[in-house]
Amino acid sequence: FMYPLILIYLMSPFISNIVVDKSKKYIFCFVFISILFNQIKFSIYSMGYNVDFLNKFGSDFTGGYLCFFVLGYVIIGSKKNISNFYFLSSVFILSLMVFFTYKFDKSSGVINQYLHWYSTSIQIFICSICLYFILKFIFQKVSVKIINDIGKKSFGIYLFHYSIMYLAIFLTKTYDIKWYNKLSLYFFSSFILAYFLTCVLMKIKFLKKIIS
């Protein structure tokens, strides 16, 4: 899990050259190429279609992660308010993507790993954009102090939540817990504990620079 993050850190100087003072057309072209060889390719493959012609171009390990950061730079940098149209469209598209993924998994009888990992799922990529628009629409109208604080600590929460989730899985593996209760337990325990751990570590000056 940390491997792609380390790669992204190492590539940060090069990423800045990709986005700073570049036109949006240039950046969108990079994002499209990234998702074509990652999210689009793997999503099509998971649906049973042949994508060998894309495999012949080689593998792209970092693009599936970088496209989120680069597109986020563009969207956040625009600093435009989200209109009602964008909000309603995002809610509709997000619901459609979730429904499609649910129906696909149900019909195939298994949870397809490619459709549930953000570097290989076009649905997650689209849902991420929609969710950002939905949240921005809500919080441009209402300011909630705790949400603003979580936003400032979101990177630290992101770094720690995975290890906490696996710890929760290890501690509960001997208990017979319904899947929906497990889902709630893993989500809330990883989120809340990662938040408080980030709060504590951010009090240490040099760690604050890393995780803030």
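The values are calculated or read from the model by the stated rules, or taken from the named source; none is laboratory data. Remember, it's a predicted structure, so these values are computed and weren't measured experimentally. Quick reminder, even Gly has a Cβ in these numbers, built from the backbone with ideal geometry, and neighbours come from all protein chains shown. To get the accessible areas, we keep the full protein, side chains included, count just its heavy atoms, and leave off ligands, DNA and RNA. Shrake-Rupley method; radii C 1.70, N 1.55, O 1.52, S 1.80 Å.
So the values come out like this:
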item: Pair list, Cβ under 6 Å, 6 or more apart: the range 134-162 residue in contact (Cβ under 8 Å) with a residue 40 or more places away in the chain and at negative phi, other residue part of a loop (DSSP other than H, G, I, E, B) and aliphatic (A, V, I, L, M); result: Lys136/Ile82; Phe137/Ile82
item: Within the range 39-68, considering residues that are open to solvent by 100 Å² or more (accessible area, probe 1.4 Å) and modelled with pLDDT of 80 or more, the one farthest from Gln140 (Cα to Cα); result: Tyr49
item: Condition met for Asp105 (among the acidic types (Asp, Glu) and open to solvent by 70 Å² or more (accessible area, probe 1.4 Å)); result: no
item: Residue in the range 21-38 that is at pLDDT below 75 and either farther than 30 Å from Ile164 by Cβ or out of contact with any Asp or Glu (no Cβ under 8 Å at 6 or more places or on another chain) (or both) present; result: no
item: Those residues of the range 157-168 which are open to solvent by less than 100 Å² (accessible area, probe 1.4 Å) and more than 23 Å from Ile146 (Cβ to Cβ), in sequence order; result: Ser163, Leu167
item: Residues being open to solvent by less than 60 Å² (accessible area, probe 1.4 Å) and either modelled with pLDDT under 85 or more than 17 Å from the chain's Cα centre (by Cα) (or both) - total across the range 109-118; result: 2
item: Single match in Phe99, Phe191 (criterion: over 18 Å from Gly72 (Cβ atoms), under 17 Å from the mean Cα position of the chain (by Cα) and modelled with pLDDT of 85 or more); result: Phe191
item: Meets criteria (open to solvent by 60 Å² or more (accessible area, probe 1.4 Å) and within 27 Å of Leu66 (Cα to Cα)) for Leu96; result: yes
item: Helices (runs of 4 or more DSSP H) wholly inside the range 111-212 containing at least 1 residues that are among the polar types (S, T, N, Q); result: 122-139, 145-152, 154-172, 179-201
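Rundown of residues vs (1) open to solvent by 50 Å² or more (accessible area, probe 1.4 Å); (2) not hydroxyl-bearing (Ser, Thr, Tyr), yes/no style:
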{"residue": "Ser143", "(1), (2)": "yes, no"}
{"residue": "Ile147", "(1), (2)": "yes, yes"}
{"residue": "Lys153", "(1), (2)": "no, yes"}
{"residue": "Phe170", "(1), (2)": "yes, yes"}
{"residue": "Lys178", "(1), (2)": "yes, yes"}
{"residue": "Ser190", "(1), (2)": "no, no"}
{"residue": "Thr198", "(1), (2)": "no, no"}
{"residue": "Leu207", "(1), (2)": "no, yes"}
